[in-house]
Amino acid sequence: MIDLSPRARLLPLALISATALAACGGGSTSSPSGIQGTASKGPLVNASIEIYAIDAAGLPAGDPLGVATTDANGEFSFSERPAEGPLLLISTGGTYIDEGDPEPDPAARRQITLGAQEGLRSLLPAGQNSLAITPFSQIVYQLSPIHI
């Protein structure tokens, strides 16, 4: 019988979660060869999205392969997938409406602005073209065996 370490047991969860998150991406109708998605903690507006190839540890390998900015709905797209393997997308900056604010008027709710070094990460498996960058994708990334 094979005794798997806790890290090894997380691999199937990480892969399933990354695939499920990829299916939660934006509804853009751009080319299937591109990448589209949504950055959300509430729609994350005007966030910078950088896309990276990853090394064996799951860390960014080199300079960004592309940069996009989210729209008013938190959606972004890249016209082409820059590499065949798994990719890491990192959001930084941007603003979102605090959904926990009890203010009944949505226009008057507190807006939270993320700093240039604050944001979220999401892994995009090879063969997938859409994803969501969310607090959940950040947790999956942090727990992913390739990143530990």
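Read-outs: derived from the displayed coordinates by stated rules, not from any lab. Please read these numbers as outputs of a predicted model, since none were measured by experiment. We place every Cβ from the backbone using ideal geometry, glycine too, and count neighbours over all the protein chains shown.
Before moving on, here are some points about what is shown:
- Each principal axis of the Cα atoms in region 36-143 has its own extent, and those three values, largest first, are 46, 29, 23 angstrom.
- Each of E99, E118 was scored by other Cβ atoms within 10 Å of its Cβ. Arranged with the fewest first, they read E99, E118.
- Exposure proxy order (Cβ contacts within 10 Å, fewest to most) of R121, R109: R109, R121
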